[in-house]
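Structure first, then comments.
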Amino acid sequence: MAEKDDYLLDLLVDLGFTDAGQVAKSREEAHAAGVGVVDLLVANKIIRPGDVTQAKAAQFGAEVVHLTNLKIEDDVISIVPRDIAKKYRVIPVFKSDGKIGIAIADPSDLNTIDSLTHLLHSEIEPRVASEPDIEAALTKYYGGEKKSMDAGVFKDVIQELTQDHVEVGVEDGGEIEADAPLIRLVNQIIFDAFKLRASDIHLEPLEKRFRLRYRIDGMMTEVKSPPKRLQAPVIARLKIQAGMIISEHRIPQDGRIQSKVGNKVIDLRVSCLPTNHGESIVMRILDKEGLRLGLPQLGFLLDDQQTFERIIALPDGILLVTGPTGSGKTTTLYSCLNFINRPDRKIITVEDPVEYVLAGINQVQVHEQVGFTFATALRAILRQAPNIVMIGEIRDITTASIAINASLTGHLVFSTLHTNDAPGAVTRLVDIGVKPFLVASSTRCLMAQRLVRKICPKCAAPYQPSEAEMRALGLKLEDVKNGNVQKGRGCQNCNNTGNRGRFGIFEIFVVDDEARKLIYDQVPTNVLRARAREMGMRTLREDGIRKVLAGMTTADEVIRATVGDDT
């Protein structure tokens, strides 16, 4: 390092940025302080960071780039993935003739250049930029570090707890004052999550730290975490609020918290799970406003919306929404109920748990501990003469049989099922034990869905998909030219992610007479799927492609959500 500094100092003198006397004086001060001579010259404002950048460039015969004045296109930025750019602190500036121009602060760092050559499978042509310019460009093009919007307040509460060595008497039922630092810390965690639009709060005890993460738009985001020593009191406080048994640490527990954020009251569904290093807490934030979504806000385009509205207006039959956990099935069903909820219809739901309270709808909570199961509840509610029944999930043959019998006796039944695609729901029902002729007779529509992130409207900009993205989605250049492909650049509105909110992509299989015959004949799923495609069913990926071309989401989101989907 000393030799490299000496060579750089000679260059700085040769280029006239300083003189030998200043270097000699600074060398003594730097040696005494244990810092680099160049760093000291910059700190004392004898030379500027830009002077060092020019000297480094001259040392290696490289060109200097000023990233603040340079507009880099999205297709160039996409050459270097975010994790690689952040790890090596580099910015791509051009691609030409099989070479990639990379802005780097230290062109003598041959290890970084060699690593990039192998990682990017291309020859690297270094350009030199100042470290502040590179840091600013990393934030601009790749997004800054995710952190709490109220990190200052959060930090103050932590500091107060640490300084005061607060001991909280919660294990033995001791009370805590409403303005105690611990109360404010827990409230701040919930407040930050709400402001960041998180759907879940994860408090995870690890061996040496107490990790706090939020799930925002479906993606886990780590934020500033409380100290490890506050793990027990924070968890105990949450267990008190959720109505759990404080002294029980061996078995999982569930509870609910109602918290006020500003003028808004929010509900949190709390799960506590014993782990190796303590109890893990996950809180699901239940946003009642999301239930007032119309079908277009769920992500339906006009043609699919019209089809879906026609199906949910039928007097009887079963509508099944399928997909993995967290794909928005329950929200879709609730929105359907809101759409058809009228005074002349009686609607009853059976749920475990009841997540949202809907006005004008009878909601039943399952309690399996006392034998009040889905099947028991269904038998009881059918004697209440409902028009429409919603079952939280079909889990077994008993529940499935009662649901199908209800649909065959003049009830419209909504429910969910865990399958990967729409036609696969038929196979799943038969596997559970339902007779194929009952599935064929009762099923009106099968719909699979996934959630993709929505492009932030405030920083959306035209975007040219990469060749890999176009190949994966089967897009042609004319498709892109005729479409409105966009991507978010990242801004304060979306926390520098380029995405804000989520919506669904759908695969809607309306069961007709020919499809019923195929179900009755127990044909393989691929045959049933082929028939659905002939009827005009779009696959999840095809629906996603339409929404990419409409500028609603990005190509990489659709590819991520539909891996393995055959178009």
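A few notes on this one:
- Scanning the range 307-363 for residues that are assigned to a strand (DSSP E or B) and farther than 22 Å from VAL511 by Cα yields ILE347, ILE348, THR349, VAL350, GLU351, ASN362, GLN363.
- Of all residues in the range 279-300 being crowded, with 17+ Cβ neighbours inside 10 Å and out of contact with any Leu (no Cβ under 9 Å at 6 or more places or on another chain), the one that is modelled with the lowest pLDDT: LEU293
- Top-ranked residue in the range 211-238 [being farther than 17 Å from ASP192 by Cα and without any contact (Cβ under 8 Å) to a residue 40 or more places away in the chain; ranked as most open to solvent (accessible area, probe 1.4 Å)]: ARG229
- Selection count, the range 308-340, where residues are open to solvent by 40 Å² or more (accessible area, probe 1.4 Å) and not basic (Lys, Arg): 12
- Number of the exception - GLN486 against (1) surrounded by 20 or more Cβ atoms within 10 Å (Cβ to Cβ); (2) more than 22 Å from ASP74 (Cα to Cα): (2)
- Evaluation of GLY262 against (1) touching a residue at least 12 places away in the same chain (Cβ under 8 Å); (2) out of contact with any His (no Cβ under 6 Å at 6 or more places or on another chain) (one fails), failing number: (1)
- Among (1) in contact with a helix residue (DSSP H, G or I) (Cβ under 7 Å, 6 or more places away or on another chain); (2) at pLDDT below 90; (3) more than 28 Å from LYS435 (Cβ to Cβ); (4) open to solvent by 10 Å² or more (accessible area, probe 1.4 Å), the one test that ARG531 misses: (3)
- Residue match in the range 537-545 (condition: assigned to a helix (DSSP H, G or I) and either of a type in the set (Ser, Thr, Tyr) or exposed (fewer than 15 other Cβ atoms within 10 Å of the Cβ) (or both)): no
- Criterion applied to ASN496, ASN526 was being of a type in the set (S, T, N, Q) and either in a helix (DSSP H, G or I) or touching a His at 6+ places or on another chain (Cβ under 6 Å) (or both), and the one residue passing it is ASN526.
- Answer residue from the range 240-278, given it is aliphatic (A, V, I, L, M) and farther than 26 Å from LEU358 by Cα and is least open to solvent (accessible area, probe 1.4 Å) among those: ILE246
- In the set (1) closer than 30 Å to ARG450 by Cα; (2) in contact with a helix residue (DSSP H, G or I) (Cβ under 9 Å, 6 or more places away or on another chain); (3) not acidic (Asp, Glu), the condition left unmet by ARG197 is number (2).
- Contacts under 8 angstrom Cβ, first residue in the range 311-323 being on the phi > 0 side of the Ramachandran plot, partner small (Gly, Ala, Ser) and crowded, with 18+ Cβ neighbours inside 10 Å, 6 or more apart: GLY317/SER407; GLY317/SER442; GLY323/ALA448
Yes/no per residue for (1) over 26 Å from ILE216 (Cα atoms); (2) at pLDDT 85 or above:
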position: GLU73; (1), (2): yes, no
position: ILE77; (1), (2): no, yes
position: TYR88; (1), (2): yes, yes
position: PRO92; (1), (2): yes, yes
position: TYR142; (1), (2): no, no
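The values are calculated or read from the model by the stated rules, or taken from the named source; none is laboratory data. Predicted model only: the values in this text are computed from it and were never measured. Neighbour counts run over all protein chains shown; Cβ positions are idealised from the backbone, glycine included. Accessible surface areas use protein heavy atoms only, side chains included; no ligands, DNA or RNA. Shrake-Rupley method; radii C 1.70, N 1.55, O 1.52, S 1.80 Å.
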